[in-house]
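Below: one structure, written as structure tokens.
What follows is calculated from the coordinates using simple rules that are stated; it is not laboratory data. Computed from a prediction, not measured in an experiment: that's the story for all the values here. Note: ideal-geometry Cβ built from the backbone for every residue, glycine included; neighbour counts use all protein chains shown.
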Amino acid sequence: MISFTRISKQYGRQVLFVDTSFQLNPGDKVGLVGPNGAGKTTLFRMIVGEEQPDEGDVSVPKKMTIGYFRQDVEEMSGRSVIDEVIAGSGRLGDLHHELEALQHAMADPAQAGDMDRILARFGEVQEEYDHLGGYAIESQAREILNGLGFDDERIDGDVGALSGGWKMRVAMARVILGKPDVLLMDEPTNHLDIESIIWLEAFLKSQPSALLMTSHDRDFMNRVVSKVAEIDGGEVTMYSGNYDFYERERAIRETNREAAYARQQAMLAKEQRFIDRFSANAAKAGQVQSRVKALDKIEKIELPKKRKVVDFDFRAPARSGDKVAVIEGVSKAYGRRVIYDGLNLTIQRGERWAVMGRNGAGKTTLLRMMAGALKPDAGDVTIGPSVKLGYFAQQALDLLSPDITVFEQLQQDFPHESVGMIRSLLGAFQFSGDEIDKKIRSLSGGEKSRLVMARMLFDPPNFLVLDEPTNHLDLATKDMLVAALKNFEGTMIFVSHDRTFLRGLSNRVLELGGESGTDSHPHAYPGSYVEYVERTGHEAPGVHA
């Protein structure tokens, strides 16, 4: 059991925890929630000993093993992916590589004189390795990597050749392969596709480890956690249930607190009127004094903090023609790997296509060809008349000007708009107060995504091409974005691993890879994502619900 006893922590004027107590019990699956800057990462860092509370105690049993998956991944190179995963998986990984080194030593003639010591140590290591189930570690590592989207070629390939997103998956595989007593996971779904997210849900539920995690994926939280710990205002409040239960219960508690606050304010006002009326009356002096003392002793109820959600009335785009985009006979290959071979697809005005498919199926390739960022090897992509296309991809974050502020960026983009209008737009995307004066170079990935989306939707195109638009977005911004796009009068095609987004917006599904996930012919479903799941029995190609 990990326990926090009456801890307090602050950085300068920023107070994170005040006399807070909290505990994580064996086997608990807990979702950690709270606004940005509330102290979620600090809580993780205190558990692993990287930070200490200013006051109070953090108790972690000495023999307890802790695996910590975080967003900053150290450099990886010089090994295959599977070796990197095994090497970083804790005690078992250390033993695995010591056995390999001892085997090399036994085969080295130069170390013949030291053979007795080498053999003795080999026996000790082998016994512990066997006892911990080490001879299954490679197959377990491959199973985990497969679940996280790696094919066999990539598993045996150079870890240094991977992109940052794939290295995040390697780091996650390392942590969960070690089977720690406690798993700390900071936004584990950020760099995963929907297939890997579904696999990870099932894996985490099946593990006996206690889990404490943050996540901006509502479905993931609902399926994995059985408790929610909310950090807000220096306190940690526990809720027994999944994320949907937490939201409902929080709303009930807020309503009850508001009612209690109103009752107390009415009582205080009544008592104050008596004091004011009779304070100069000698006959009532005793009663007045006793009421003044009683008021001083009453613990004042505070109104609950409201999560501020700013509504914004997005402009309607100009109407396009009926045929928004036509793909005729498109083929595309990367070397020997054929992605598309004679693809035909027509996108009509008002359609909202969700593109589904496993890694490498060609989701991003299709969107890039549609946006004109990539040429097909053969065939044509024709954008219809009166179509204004807006393309969102993670690369768009690099087009922001790093040396200006958030507010200056929008002033530069929309020079004729009023200060009030720009502030309202930024507020809708969760930028308020001092945040609008942040330099763009200091923004997080999620903040940059919000800013790019704000720029696009302020004067919206009538055809949105969106590649993982919810990456790094918090739940409040996702909900606002889904609500805004539900009323969008144009046409959309998008790739997303967020099932709230998929359910809320799609009315067509294009499945790449077919039901098995390996079929080379795309399948178009003339219905929503919800209907697609009901019809196929799976939430993503090749992954059964």
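With 0.36 nm allotted per residue and the present C-alpha distance subtracted, the Asp398-Asp459 stretch has 19.9 nm of extension available. Cα centroid separation, region 195-246 to region 406-434: 34 Å. Computed from point charges on the beta carbon alone (+1 for Lys and Arg, -1 for Asp and Glu), the dipole magnitude for region 205-363 about its Cα centre is near 120 Debye.
Binning all Cα-Cα separations of region 118-164 at 5 Å, short to long from zero, yields these whole-percent fractions: 5, 18, 18, 16, 12, 13, 12, 5, 0. Taking the charge dipole of the chain about its Cα centre, with +1 at Lys and Arg Cβ atoms and -1 at Asp and Glu Cβ atoms, the residue from Ala333, Ala371, Leu389 reaching farthest to the positive side is Leu389.
If only the Cβ of Lys and Arg carry +1 and only the Cβ of Asp and Glu carry -1, the dipole of region 77-180 around its Cα centre is close to 500 debye.
Only beta bridges with both residues in the chain are counted; by DSSP, about 55 percent of them are antiparallel.
Rounded to the nearest 0.05, what FRET efficiency is calculated for Met64 and Phe203 with R0 set to 30 Å and r the Cβ-Cβ distance?
Efficiency at R0 = 30 Å is approximately 0.90.
Computed over region 245-297, the Cα gyration tensor eigenvalues convert (square root of 5λ each) into semi-axes of 36, 9, 5 Å, ordered from largest to smallest. Each Lys and Arg contributes +1 and each Asp and Glu -1, all at the Cβ; summed about the Cα centre of the chain, the dipole is approximately 2700 debye. Summary value for region 1-138: 19 percent relative contact order, contacts being C-alpha pairs under 8 angstrom separated by 6+ residues.
As a ratio to 2.2 N^0.38 Å, the alpha-carbon radius of gyration computed for region 383-540 takes the value 1.16.
Taking every DSSP helix (H) stretch of at least 4 residues in the chain, weighting each as -39,500 (n - 2.57) and dividing the sum by the residue count yields a mean residue ellipticity at 222 nm of -12000 deg cm²/dmol.
Calculate the FRET efficiency for Glu75 and Asn146 from the Cβ-Cβ distance with a Förster distance of 25 Å, rounded to the nearest 0.05. The computed FRET efficiency comes out at 0.50. Note on Ser279/Met1: beta-carbon distance plugged into 1/(1 + (r/R0)^6) with R0 of 41 Å gives a FRET efficiency of 0.15. Over all other residues within a Cβ to Cβ distance under 12 Å of Thr364, the charged ones net out to 0, with Lys and Arg as +1 and Asp and Glu as -1.
A simple count of charges around Glu128, restricted to other residues whose Cβ falls under 12 Å of its Cβ and scoring Lys, Arg +1 and Asp, Glu -1, yields -3.
Separation of region 453-481 from region 80-108 is 45 Å, based on Cα centroids. Modelled spin-label separation between Lys305 and Ser226, with each label point placed 7 Å from Cα along the Cα-to-Cβ direction: 3.0 nm.
Positive end of the dipole of the chain (Cβ unit charges, origin at the Cα centre): among Ala38, Leu295, Leu466, the Cα lying farthest that way belongs to Leu295. Remark: C-alpha extents of region 77-180 on the principal axes read 47, 28, 18 Å, sorted largest to smallest. Alpha-carbon geometry of the chain: the Rg and the Dmax are 28.4, 107 Å, given in that order. On full extension, the segment bounded by Val292 and Val18 gains 95.8 nm, given 0.36 nm per residue less the C-alpha separation.
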